[in-house]
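Have a look at the structure below, then the notes.
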Amino acid sequence: MKSISFIRSNHALAGVIEALLLVALVAIILSTIQIVYVPIIMEQKESDHMDTVENQFAQLKSVIETQSIMGIMQTDQPISKATMSSPITLGSDKLPYLISSWSLGNIKIIDKNNAGDDKIYLLPAPSDFLNGIPLTAIEYEGDNAYFVDQKYILEGGGIILNQSDGEAMKVSPPINAQNLTSSIKIYYTIPLINSKPGKNQSEQGIDTTYVLTNYSSKYSHSDTSISWIRICTDHLEAWSQSLINDNKGLLWEYYDKGYINVEYDTPINPTRIDITPGTKNIDVEFTIVEINTQIGPGFVI
C-alpha cells in the first residue's frame, strides 16, 4: 500500500496575500483619485468653462455694439441688417471612466415684453418710452457640480457676473459723459433686445449653441436739464460699481466733485439708483437700438 504524505507549504498562501494586497493598493489609489483629485480636476474644468462663457459674452456684446453702430450709421444699407451669430458653450462634459458629473447651462432672452420692472426712467420721459426704457437682457446660468454656480447677464449693454457671494459689472455699459460749462451731458446707446414669436428664446444643455442677432431700428432722445435718470434693476450692486466705483466708475469724476448725485433710493433693500443734478444740470443723449435676437439655428427676420 502506498502512503500519501502532505507537505506544508506557505508559497500558495503568500501568493494569494500578495494578490489581495495589490488589489487593495489599486483600490486605495483609485479611491484617492476619485475622492481627492476628481473634484479638483472638475472644479478647474468648470472654472475654465465659466471663463470661456465670459469671453463669449464679451464677443456677443461686441457683435451687438457693432450691429448697433452699423444700423445707426448705415440704415439704408442691407449690410446693416445682416444676421450675426455668437457661440455660447452651455456646459462641460464629465471625465471619462471616473465618476463625475456634467455641468449644465441655460441661456435665455429677457426681451422688452418680459423685462418687468427692470427699466431706465427719465424725467421728462421720452415720447416713445413714456413708461420707461426696458432693461432687456441675455442671461446665462451655469449649474455647476463642483465650481460655484454663476450667471452672466448682458443687461443694458453691460456684462454682469452674479453669484452667491455678490455680483460685479465685468464690462461696463456703453455710457459716456461730457463735462460742459453748466451741465454734465450723458451719452448712452441702449440695446433693446427683441425676440419674435415662434423663435427660440432659451436653450439648455452642455453643447455649444448660438445667439443670432441683427439690427432692427433705433430711437433717439435728447433733452437738457432733466430732473433725474432712474435705473431699476435686480442688479443694483453691479450698476453702482459701474457708475461710481472709486476712480473707475463711468461717472465717478463728476460724482466725486459734486456735479451730479448718484445714490440708492434707500440704504436698506434699495430698489433703484437715481442720478440727479448736483452743482450742474444733467443733459442726455440716448440712442435706443432694437436688436432682433433668437437662440439656436434659424433666421432672424
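The values are calculated or read from the model by the stated rules, or taken from the named source; none is laboratory data. Not measured: the values here are computed from a predicted model. Counting neighbours? That spans all protein chains shown, and the Cβs are built from the backbone with ideal geometry, glycine included.
Residues being part of a strand (DSSP E or B) and either in contact (Cβ under 8 Å) with a residue 60 or more places away in the chain or farther than 30 Å from V36 by Cβ (or both): count how many of those fall in the stretch 116-152.
Residues in the stretch 116-152 being part of a strand (DSSP E or B) and either in contact (Cβ under 8 Å) with a residue 60 or more places away in the chain or farther than 30 Å from V36 by Cβ (or both): 14 in total.
Just to check your reading of the model, which residue among I231, I226, I260 is of a type outside the set (D, E, K, R) and modelled with pLDDT under 95?
Answer to the check: I226.
Which pairs turn up if I take residues in the stretch 36-48 that are under 20 Å from L90 (Cβ atoms) and look for partners that are surrounded by 14 or more Cβ atoms within 10 Å (Cβ to Cβ) and among the aromatic types (F, W, Y) with beta carbon separation below 7 Å, at least 6 apart in sequence or on another chain?
M42/Y146; E43/Y146; E43/F147; E46/Y146; E46/F147; S47/F147
Taking the stretch 203-238, which residues are of a type in the set (G, A, S) and assigned to a strand (DSSP E or B)?
Once the filter is applied, which keeps residues that are of a type in the set (G, A, S) and assigned to a strand (DSSP E or B), the stretch 203-238 yields G205, S216, S217, S220, S222.
From the set of residues in the stretch 256-290 that are among the polar types (S, T, N, Q) and within 24 Å of the chain's Cα centre (by Cα), which is farthest from D128 (Cα to Cα)?
Checking each candidate, the answer is N269.
Scan (1) assigned to a strand (DSSP E or B); (2) at pLDDT 95 or above for the single condition Y254 breaks and write down its number.
Of the numbered conditions (1) assigned to a strand (DSSP E or B); (2) at pLDDT 95 or above, the odd one out for Y254 is (1).
Residues I291, I273: which one is touching a residue at least 24 places away in the same chain (Cβ under 8 Å) and over 17 Å from I160 (Cβ atoms)?
I291
Conditions (1) surrounded by 19 or more Cβ atoms within 10 Å (Cβ to Cβ); (2) over 17 Å from I184 (Cα atoms); (3) basic (K, R), marked per residue:
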residue	(1), (2), (3)
S222	no, no, no
W228	no, no, no
H235	yes, yes, no
W239	yes, yes, no
S242	yes, yes, no
N247	no, yes, no
I260	yes, no, no
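Return the residue satisfying two criteria in turn: it lies in the stretch 137-149 and is at pLDDT 95 or above and buried (at least 20 other Cβ atoms within 10 Å of the Cβ), and of such residues it is farthest from N194 (Cα to Cα).
Y140
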